[in-house]
Amino acid sequence: MHYYAYELAHAIVRPLRFGAEALKYSVENPFNPFSTTPINRSIAAACEVFENVTRRYGKPHFGLRETRINGVGVPVSEEIVAAKPFCNLIHFKRHFLDGAPEINDPKVLIVAPMSGHYATLLRGTVAAMLPEHEVYITDWADAREVPIFEGRFDLNSFIDYLIEFIHTLGSQTHVIAVCQPAVPALAATAIMADNDDPMQPASLTLMGGPIDTRRNPTGVNELAQAKSIGWFENNVISFVPPPHTGAMRRVYPGFMQLTGFMTMNLERHMNAHVDLFNNLVQGDCDSVKGHQDFYEEYLAVMDLTAEFYLQTVQAVFQEHLLPDGRMMHRGQRVDCSKIRNTALITIEGERDDICGLGQTEAAQLLCTNVPDDERFHYVQPGVGHYGVFNGTRWRTEIQPRLRQMIRSVERKRRVGTAVEVKPYIGGWPLTPDRPANTLLNGPAD
């Protein structure tokens with residue numbers, strides 16, 4: 001019933017939104033002699049804030065039309081290289097000028113989180129990687145738009161998709177899993193290694209992912225532990241209502257996930273909208289644009305299939321199947337110790353309130369047979385969950401390190417020389433009793 005109530009609320013508010021929009025245009029009309037008075041500016045600002053808060057946000061666009069390589073602008077286009085019912089594999093193709101020297105950049109598969117937001121949340125991640133990498137990304141579909149005859153999609157399906165996409169890209173693919181897909185990406189790599197798959201990734205980067213949520217548990221982890229899986233099924237799962245394409249599919253609605261995220265920092269979001277009102281009144285266009293750009297992305301949410309959501313909550317957050325060595329995929333045990341030919345990179349944020357410090361690093365202790373000179377771990381001081389893969393710190397501090405790690409693996413694979421980056425940046429040993437909150441830092445060059 002949650003979904004029907006949500007749709008009904010939107011239907012009720014729609015006439016109010018039309019009225020607010022009409023009022024805004026009337027008080028802002030340049031032919032209105034009072035349009036620049038403080039009262040009219042305040043009315044227009046209030047109408048715009050109301051419109052922003054109550055409207056439905058559609059899927060954003062990546063909007064990456066160009067990248068700069070060696071100071072030269074290079075056009076970029078999106079092409080779908082593999083299409084599945086629940087995901088498209090997108091390639092950001094760089095178009096070099098005729099006669100330009102061939103660039104053999106590493107292939108990078110960015111696995112976007114399937115946790116309520118669209119893959120466009122990683123726009124900044126893609127933009128930073130584009131100048132020196134051949135970038136692909138998983139563009140997950142909104143479950144409410146997938147017809148029910150397409151069948152189920154669960155955690156096992158997610159792993160299957162990743163293995164298929166890696167096969168599509170071929171050997172020497174570097175996989176970067178951001179947040180939620182850290183678990184299925186690690187599982188897919190382990191399955192491929194166990195099967196002696198010739199297409200095993202050259203490297204696997206896990207960024208802010210919940211490998212073992214018992215380490216430094218956050219509020220998200222504690223909520224998942226406090227409720228039974230039956231509670232989640234009875235309280236957050238709904239049927240998609242008509243006229244959506246996926247009508248009658250059981251889903252975890254994106255708006256419920258968004259509500260949970262916003263209530264975690266409710267005061268901050270309320271203050272942001274108060275600031276928006278003040279900036280609109282004052283005519284601070286740059287601040288208004290910054291606010292709108294952020295919330296255009298943040299408030300655009302997608303539904304998850306019920307089976308995927310419930311299986312993830314149970315396997316990852318409640319039963320900890322992967323770190324305990326009990327995770328199964330299609331009848332095969334996921335054994336991370338089988339990984340030998342894939343370099344492992346783990347990256348965390350010091351102030352991450354979604355995946356606490358040490359939760360991603362736990363992968364280092366599971367992958368016992370990865371060579372020591374192909375292990376890397378880095379904790380970025382001063383950033384939260386979002387800052388691990390987006391923003392200034394990502395562009396200037398994290399991405400240069402990641403680039404260096406990938407290049408070191410590439411060099412070793414090509415010519416067999418030792419890697420140029422010290423394993424485990426900061427020199428900390430791999431021991432179970434090492435404090436998970438220790439900061440690991442190192443030079444970016």
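Say we look at the stretch 25-35 and pick out the residues that are hydroxyl-bearing (S, T, Y) and in a helix (DSSP H, G or I); which of these is farthest from V240 (Cα to Cα)?
S26
Condition check ((1) touching a helix residue (DSSP H, G or I) at 6+ places or on another chain (Cβ under 6 Å); (2) in a helix (DSSP H, G or I); (3) aliphatic (A, V, I, L, M); (4) farther than 30 Å from A141 by Cβ) across all residues:
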site: I12; (1), (2), (3), (4): no, yes, yes, no
site: L23; (1), (2), (3), (4): yes, yes, yes, yes
site: S42; (1), (2), (3), (4): yes, yes, no, yes
site: N52; (1), (2), (3), (4): no, yes, no, no
site: K59; (1), (2), (3), (4): no, no, no, no
site: T67; (1), (2), (3), (4): yes, no, no, no
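Report the residue count in the stretch 315-362 for those that are within 19 Å of the chain's Cα centre (by Cα), assigned to a helix (DSSP H, G or I) and either surrounded by 24 or more Cβ atoms within 10 Å (Cβ to Cβ) or at positive phi (or both).
Looking only at that region, the number is 1.
Of all residues in the stretch 192-209, which are buried (at least 16 other Cβ atoms within 10 Å of the Cβ) and either over 22 Å from I406 (Cα atoms) or not assigned by TED's automatic domain parsing to the domain that holds Q399 (or both)?
D194
Only one of (1) charged (D, E, K, R); (2) within 30 Å of A143 (Cα to Cα); (3) in contact (Cβ under 8 Å) with a residue 12 or more places away in the chain is not met by D275, so which one is it?
(2)
Applying the selection to the stretch 338-386, what residues are without any contact (Cβ under 8 Å) to a residue 40 or more places away in the chain, over 23 Å from S408 (Cα atoms) and not aromatic (F, W, Y)?
R351, G382, V383, G384
The values are calculated or read from the model by the stated rules, or taken from the named source; none is laboratory data. On a predicted model such as this, the values are computed, not experimentally measured, just so you know. Counting neighbours? That spans all protein chains shown, and the Cβs are built from the backbone with ideal geometry, glycine included.
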